[in-house]
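The values are calculated or read from the model by the stated rules, or taken from the named source; none is laboratory data. Every value quoted in this text rests on a predicted model; they were computed, and no experiment measured them. Here the Cβ is made from the backbone with ideal geometry for all residues, glycine too, and neighbour counts use every protein chain on show. For the accessible areas, the whole protein counts, side chains as well, though only heavy atoms, and no ligand, DNA or RNA atoms are used. Shrake-Rupley method; radii C 1.70, N 1.55, O 1.52, S 1.80 Å.
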Amino acid sequence: MNYKLSASEIRELIVAKLSHNFGVTPAEATDEHYYKAVVLILRDLMTEGRKEFIDQAEKENRKQVYYLCMEFLMGRSLRNNLYNLGLEDAVSSALSSMGLKLENIYNQEPDAGLGNGGLGRLAACFLDGLATQKYPAMGYSLRYEYGIFRQKLVDGWQTELPDFWLPGGAVWLQAHPEKAVTVNFNGHLEERWDGSFHSIEVKDATKILAVPYDMMVSGKDGKGISRLRLWAAKSEEFDMKLFNGGDYLRAMERNAMAEVITKVLYPEDNHPEGKSLRLSQQYFLVSATIQDIIHRHLRTYSSLENLPDLVAIHLNDTHPVLTISEMMRIILDECGYGWDEAWDIVTRTVAYTNHTVMAEALECWDQELFKRRLPRNYQIIEEINRRFCAQMHDLGLDGCQVGRMAVLNDGIVRMANLAVIGSHSINGVSKLHSEILKETVFKDFYQVMPDKFKNVTNGIAHRRWLNQANPGLASLVTELIGDGYVYDAAELKKLMAYKNDPAVLEKLKKIKLENKKRLAAYVKQQNGVVIDPNSIFDCQVKRMHEYKRQLLNGLHILSTYQWLRENPNADFTPKTYFFGAKAAPGYYFAKEIIRFIAELGEAINKDPAMKDKLKVIYLEDYRVTVSEILNPAAEISQQISLAGTEASGTSNMKLMINGAITLGTLDGANVEIHEAVGSENMFLFGMTTPEVNLLRQNGYNPYLCYNNNPALKKAIDEMSVSGFNGMKFEKITQNLLSTDRYMVLADYSDYAAVQEKASQVYKDQTAWNRMSLVNIAQAGRFAADRAIREYAQDIWGASPVKGEITR
Ligand code: 26W
């Protein structure tokens, strides 16, 4: 079977699936049945496709890429796979011949929200880039029963509801109980000498079964297919003795304790969460994955010597860094290699990407907890640490520096240091971020091992974020420059030829307007607020965090509101502000910011004087599927983090490729967006990273900014003294006026000025649309395909499958 199926063939397959899998006739079937039937058909096709692809990869001796990440924010898969396999039209007509609309079937699918934000979505985009370019690859993660919480605002306060995605999502997953492996926790070590042979065994360990569930991810045309393997925890054995002895509760409790490991995704993002369950999750992912990879390799080669030539293991942030000690454990204890040989294999196979400079997000574990939970890994880390520190002393480093670089220090295990020591490559996710890593977080290491440090700027799956999410724009682009850009996003540059073509700019504007109307309809339905599609759509969508400075945006909206109340007849370009953001449930201050923005919206949206001027929309439960509606409609992309804090950002890329203009600081990948489009096609403001550092050194006093800017002062006073919408936000204003860690007030005046400039430019629609076109044309470099090629060449040493794949 290949992918070239006609509508009538698909119709037959659907009828068969409905009958065999669900026991219903087409007349009895619900939309949900139809959705699942279509998914099952795709699953069959992709499983076969994957097999052919991997057989060919093995024939060609291609290196396998394994991407380990605690998060994969997949969103929906149905449209993506139909698009890639070229089956959208055929399935659509098959369904319509049965009286159904494909769009309604799409809406049956829940988002697979197995991630928090940028890190997880990047992993998902990378599976697409790997598959399309035919790199044989697997993603590894956990099959959380509950994904990222569903966000509900109750009187402006974020509350969290469970996201039980499996009833609709599990149909994508193929269980492989026959490939389950055991993961050991706790226990104690027993050392044995057998002549000169030394061995170590862990006794009385708690054994938990890891069962793999596989999801196929097609690349464009379906020739390359990635596999995402998600591990679910199961109790290894049911304790019949306890149960038969009448102790049902304890028997059940043991089961539940084991399965709790993959119950929920931790909703923390850049936030310290030292819970033992999180350590267990990380080890569970790592141990199951490394066993899986090593068994697969040994089945073919019965030796690990060539592992670094045929396998690349990628650690996405510090979360899966236990890979290094776990791989050592397996190679030493189970495969019988010596230390030096094992260490050589590990360090030549493993590479690490850092995704954040926030010190509090660099994973650390309490040594006692670690030792108890993972005794053998702890012992191995002690040895890694001992050897490394000795080596550094030999190089002549002083004790303080070695102490800073050590894995074990002050009663904690530092995963970031272990990552650097045990990997052959360390990279940041934008040029600026990679430089900051060398100058700050990993400065000591950079001095000793400069060659390990690299950069790969992030990228997005442009086929999902442009072609699928914005079909109107995609067809205009194809009409103008052909469809080469679908495979090679750099070709978008050809659009530059139309920069001054009034007819093209006019078409661009029409498409944007249609997309804005679609978003307005969504907002009407979700928020019950009517918005003007002709107002500027100004968007800030990302996790809620102080460093991302949603507060800067909010303060300025409040100030604008005050000004409009006092100047009711002033000339003003109508504006609609959109926020989409979840806060970590335990991050109180972030929730307070949400409440502030939500109340601001309440007050403004109901004020008749603001009717045709200003609206503030808080998009509840922002997720991949909502993002796909928002991006095509956006006109301003707010990327306003304090310079030096955002590692890269990826919403900036998604918004850019949809023609939004970046209003931002020189932070993360904004720096490269600026390089790509120039100052004239962006609204740049704020301090640069060196300016931020200097201000911090000289002593920053936010109170001076407050006193020097009357409009800012007035906004802060309304928040704290008089209050609006019956509420005060003193915690926020106190914070801003005392510490203001992310220097919101320092950048405020410049921000207000650039916002004003954007509104002025908007009046000249031709100029605006030209800027928008340049942004689309220059967005190609931010494709995941490009990022993957760089990883393959500079880090993994991997090459794509070349031979013919028949489908
Ligand atoms: C302590 C728990 C924790 C720590 C860090 C949870 C999650 C993290 C992530 C690394 C945070 C994250 O998602 N970082 C984002 O990664 C994106 C992809 O590289 C970047 O574009 C964002 O700038 C970065 O914030």
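Structure data summary
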item	result
All positions within the stretch 103-147 that are within 16 Å of the ligand (Cβ to nearest atom) and among the basic types (Lys, Arg)	Arg121
Test: Tyr706 is modelled with pLDDT of 95 or more, in a loop (DSSP other than H, G, I, E, B) and either buried (at least 16 other Cβ atoms within 10 Å of the Cβ) or within 34 Å of the chain's Cα centre (by Cα) (or both)	no
Residues located in the stretch 490-505, provided they are within 28 Å of the chain's Cα centre (by Cα) and charged (D, E, K, R)	Glu491, Lys493
Which numbered condition Gly338 fails, given (1) without any contact (Cβ under 8 Å) to a residue 12 or more places away in the chain; (2) surrounded by 23 or more Cβ atoms within 10 Å (Cβ to Cβ)	(2)
The listed residue being aliphatic (A, V, I, L, M) and open to solvent by 20 Å² or more (accessible area, probe 1.4 Å), out of Val744, Val754, Val721	Val721
Residue, farthest from the chain's Cα centre (by Cα), within the stretch 1-18, restricted to residues that are modelled with pLDDT of 95 or more and of a type in the set (S, T, N, Q)	Ser8
Close pairs (6 angstrom Cβ cut-off, 6 or more residues apart or separate chains): farther than 20 Å from Asn270 by Cβ in the stretch 100-129, within 14 Å of the ligand (Cβ to nearest atom) and assigned to a loop (DSSP other than H, G, I, E, B) anywhere	Asp128/Ala461
Count of residues meeting criterion [within 23 Å of the chain's Cα centre (by Cα) and either part of a helix (DSSP H, G or I) or β-branched (Val, Ile, Thr) (or both)] in the stretch 445-489	13
Neighbours by Cβ (under 6 Å, 6+ apart or cross-chain): first from the stretch 707-724, farther than 14 Å from Tyr561 by Cβ; second assigned to a helix (DSSP H, G or I)	Asn709/Ser749; Lys713/Tyr706; Ser720/Glu730; Ser720/Thr733
Among (1) of a type in the set (Ser, Thr, Tyr); (2) assigned to a helix (DSSP H, G or I); (3) within 30 Å of the chain's Cα centre (by Cα) - the single one Tyr66 does not satisfy	(2)
Any chance Lys493 is without any contact (Cβ under 8 Å) to a residue 40 or more places away in the chain and assigned to a helix (DSSP H, G or I)	no
Residue within the stretch 312-327 that is surrounded by fewer than 24 Cβ atoms within 10 Å (Cβ to Cβ), assigned to a loop (DSSP other than H, G, I, E, B) and among the hydrophobic types (A, V, I, L, M, F, W, C) present	no
Residue match in the stretch 586-598 (condition: within 19 Å of the chain's Cα centre (by Cα), surrounded by fewer than 23 Cβ atoms within 10 Å (Cβ to Cβ), closer than 22 Å to Gly120 by Cα and within 16 Å of the ligand (Cβ to nearest atom))	no
Residue, nearest to the ligand (Cβ to nearest atom), within the stretch 425-444, restricted to residues that are part of a loop (DSSP other than H, G, I, E, B) and open to solvent by less than 10 Å² (accessible area, probe 1.4 Å)	Val429
Residue match in the stretch 168-182 (condition: farther than 30 Å from Asp44 by Cβ, open to solvent by less than 80 Å² (accessible area, probe 1.4 Å), touching a residue at least 12 places away in the same chain (Cβ under 8 Å) and more than 27 Å from the chain's Cα centre (by Cα))	yes
Qualifying residue in the stretch 360-367 (condition: within 15 Å of the ligand (Cβ to nearest atom), open to solvent by 50 Å² or more (accessible area, probe 1.4 Å) and aliphatic (A, V, I, L, M))	no
Qualifying residues in the stretch 668-685 (those that are touching a His at 6+ places or on another chain (Cβ under 9 Å) and open to solvent by less than 10 Å² (accessible area, probe 1.4 Å)) - the one farthest from the ligand (Cβ to nearest atom)	Met682
Meets criteria (at pLDDT 95 or above and away from the ligand (no atom under 16 Å from the Cβ)) for Ser280	no
Any chance Leu13 is surrounded by fewer than 22 Cβ atoms within 10 Å (Cβ to Cβ) and aliphatic (A, V, I, L, M)	yes
Only listed residue being under 30 Å from Asn270 (Cβ atoms) and at pLDDT 95 or above, chosen from Asn500, Asn553	Asn553
Tally, over the stretch 651-667, of residues that are away from the ligand (no atom under 12 Å from the Cβ) and open to solvent by 10 Å² or more (accessible area, probe 1.4 Å)	1
Any chance Val24 is under 23 Å from Asn104 (Cα atoms), in contact with a helix residue (DSSP H, G or I) (Cβ under 6 Å, 6 or more places away or on another chain) and either surrounded by 13 or more Cβ atoms within 10 Å (Cβ to Cβ) or not β-branched (Val, Ile, Thr) (or both)	yes
Output for the stretch 287-310, where each listed residue is in contact with a strand residue (DSSP E or B) (Cβ under 7 Å, 6 or more places away or on another chain) and within 20 Å of Val181 (Cα to Cα)	Ser287, Ala288, Thr289, Gln291, Asp292, Ile293, His297
Condition check for Ile105: open to solvent by less than 40 Å² (accessible area, probe 1.4 Å), touching an Asp or Glu at 6+ places or on another chain (Cβ under 7 Å) and under 30 Å from Gly224 (Cβ atoms)	yes
Any hit, the stretch 502-515, residues being of a type in the set (Lys, Arg), within 30 Å of Glu599 (Cα to Cα), assigned to a helix (DSSP H, G or I) and in contact (Cβ under 8 Å) with a residue 60 or more places away in the chain	yes
Some residue of the stretch 290-301 being away from the ligand (no atom under 16 Å from the Cβ) and outside any helix (DSSP H, G or I)	no
Test: residue in the stretch 642-650 that is within 16 Å of the ligand (Cβ to nearest atom), under 15 Å from Tyr748 (Cα atoms) and aliphatic (A, V, I, L, M)	yes
Answer from Asn377, Asn354 - the residue that is modelled with pLDDT of 95 or more and away from the ligand (no atom under 15 Å from the Cβ)	Asn377
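Table: residues versus (1) under 20 Å from Val217 (Cα atoms); (2) part of a helix (DSSP H, G or I).
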position	(1), (2)
Arg11	no, yes
Val15	no, yes
Leu18	no, yes
Thr25	no, no
Glu28	no, no
Tyr34	no, yes
Ala37	yes, yes
Arg43	yes, yes
Glu48	yes, yes
